[in-house]
Amino acid sequence: MKILVIGGGGREHALVWRLRQSSSVDQVYCAPGNAGIAAEASCIPASLASADELIALARTLSVDLTVVGPEAPLVAGLGDAFEAERLPIVAPDAFAAQLEGSKIFAKQFMAERDIPTAAFAVVESADDLAAQLDRFEYPIAVKADGLAAGKGVVIAQTRAEAETTGRQMLSGDMVPGAGRRLVLEEFLRGEELSFILLSDGAKHFVFPPTQDHKPAFDNDEGPNTGGMGAYCDPRILPADLNATILDRIIEPTLAGMRDLGHPFRGFLYVGVMITADGPKVLEFNVRMGDPETQPLMHRMRGDLGGFLASAAYGALDSTLVSWDAGPTACVVLASEGYPGPYAKGRTITGIAEADASGAKVFHAGTLLRGGLYSTSGGRVLGVTAGGESLAKALEKAYAAVEKIYFEGMHYRTDIGRKGLARYK
Ligand code: AMP
Ligand code: GLY
């Protein structure tokens, strides 16, 4: 097969890397890709905002399958557009993509289906805000409806802070293109886990759970980011809790989308908080996680290409992939300033040495200029490794991190710490 991967971050690099090792895959293309991906696949510039352009690309390259990394094209209807042209794609339709594209859709869907999630209120206008704010104890989560590229959620400690944030979001200034309506949510306490599944519309396969680290700094301090590191370890979850998540959350979500006439196809990411009252849904994404994909792909064995094609053709075959026994971990190296405005164009050294040490360095935001890599994004690299225990995987990843340098580079030194505590 020839496969086209759409996107250009660490998640897409990990997918491309694993696809290249698939027995059923001859050629991998990536649009637009990045400097790291370019070393492993043919990268083609493309505007992800144009379905027509991506359809033309899939046709020109005569690919057998297209796999989409980021959510924006999916929410905009890329799945429907490919389907209409009979081009095989791993993607939900635009209706199902509302699970990520509209927080209000997702919350109302969960409420109707009795899927456990934080108590919430929908705010339609600034006039409505004050009355709804009175219904909560603080802190609360204030969420902009609509895609917000990770910037649409603010945890407000007080009512006053929630009101200021809510007004800013409703004005449309805070999150361009989103937030004309809001969701207010009860604040949930607990450990956060990521569940990612692949569905062909009828059957589905749930990947091993992973844990992300969203706050920028150690000990979960600082502002929220897209994710500063993740790991995949069979010990993440006891069997009974895993069964509850499947029975109470994943099965009813997929059944609910079928009932609505839009069986979910493609990747569904369910962000779950393990609270004292049991697991509750924090968010749905209609794509794989970044950086969760990096440790997942590192742990996966078998024929990813065949597996993805089986989903796109409506005959999901999960026997095509398996999982290495050992855990894997990914440490994200970020630019100075990230997740705020960040520096770019800093020269990166040591990537080859880190790769040679037995880790795999996935590129997220890099450029290649005159033979030198430089930074071009907030999250720059995802240094990923496996081992016979989580401790060994982390040791290998952090040893590789030590070999890499760019000015202002920052990363968390406590990735996997909650996981290590499970070994005691
Ligand atoms: P979301 O995009 O809805 O997942 O929110 C981004 C992040 O904000 C989540 O991964 C959580 O870390 C945090 N968060 C969102 N909603 C809540 C909530 N109700 N209680 C506590 N933390 C939350
Ligand atoms: N790492 C969180 C996400 O992909 O949404």
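For the reader, a short list of remarks on this structure follows.
- Restricting attention to segment 210-230, the residues being away from ligand 2 (no atom under 12 Å from the Cβ) and surrounded by 17 or more Cβ atoms within 10 Å (Cβ to Cβ) number 1.
- Scanning segment 2-28 for residues that are part of a strand (DSSP E or B) and surrounded by fewer than 24 Cβ atoms within 10 Å (Cβ to Cβ) returns Lys2, Gln27.
- Residue in segment 44-60 that is of a type in the set (S, T, N, Q), in contact (Cβ under 8 Å) with a residue 12 or more places away in the chain and not in a helix (DSSP H, G or I) present: no
- Flag if Phe307 is aromatic (Phe, Trp, Tyr), part of a strand (DSSP E or B) and either within 30 Å of Thr244 (Cβ to Cβ) or within 22 Å of the chain's Cα centre (by Cα) (or both): no
- Residue count for segment 122-148, restricted to those that are outside any helix (DSSP H, G or I), surrounded by fewer than 19 Cβ atoms within 10 Å (Cβ to Cβ) and modelled with pLDDT of 90 or more: 7.
- Filtering segment 32-75 to residues that are under 21 Å from Phe362 (Cβ atoms) and among the hydroxyl-bearing types (Ser, Thr, Tyr) leaves Ser42, Thr66.
- Residues of segment 279-304 that turn out to be more than 7 Å from ligand 2 (Cβ to nearest atom) and assigned to a strand (DSSP E or B), as a count: 9
- Scanning segment 194-209 for residues that are within 13 Å of ligand 2 (Cβ to nearest atom) and either surrounded by fewer than 20 Cβ atoms within 10 Å (Cβ to Cβ) or aliphatic (A, V, I, L, M) (or both) turns up just one, Ile196.
- Residue that is surrounded by the most Cβ atoms within 10 Å (Cβ to Cβ) [pool: residues in segment 349-376 that are under 26 Å from the mean Cα position of the chain (by Cα) and assigned to a loop (DSSP other than H, G, I, E, B)]: Ala364
- Test: residue in segment 330-346 that is in a strand (DSSP E or B), touching an Asp or Glu at 6+ places or on another chain (Cβ under 8 Å) and open to solvent by 30 Å² or more (accessible area, probe 1.4 Å): no
The values are calculated or read from the model by the stated rules, or taken from the named source; none is laboratory data. For clarity, every value in this text was computed on a predicted model and none was experimentally measured. A quick note on method: Cβ atoms are made from the backbone with ideal geometry, for glycine too, and the neighbour counts reach across all protein chains shown. Note: accessible area is taken over every heavy atom of the protein model, side chains too, but ligands, DNA and RNA are not part of it. Shrake-Rupley method; radii C 1.70, N 1.55, O 1.52, S 1.80 Å.
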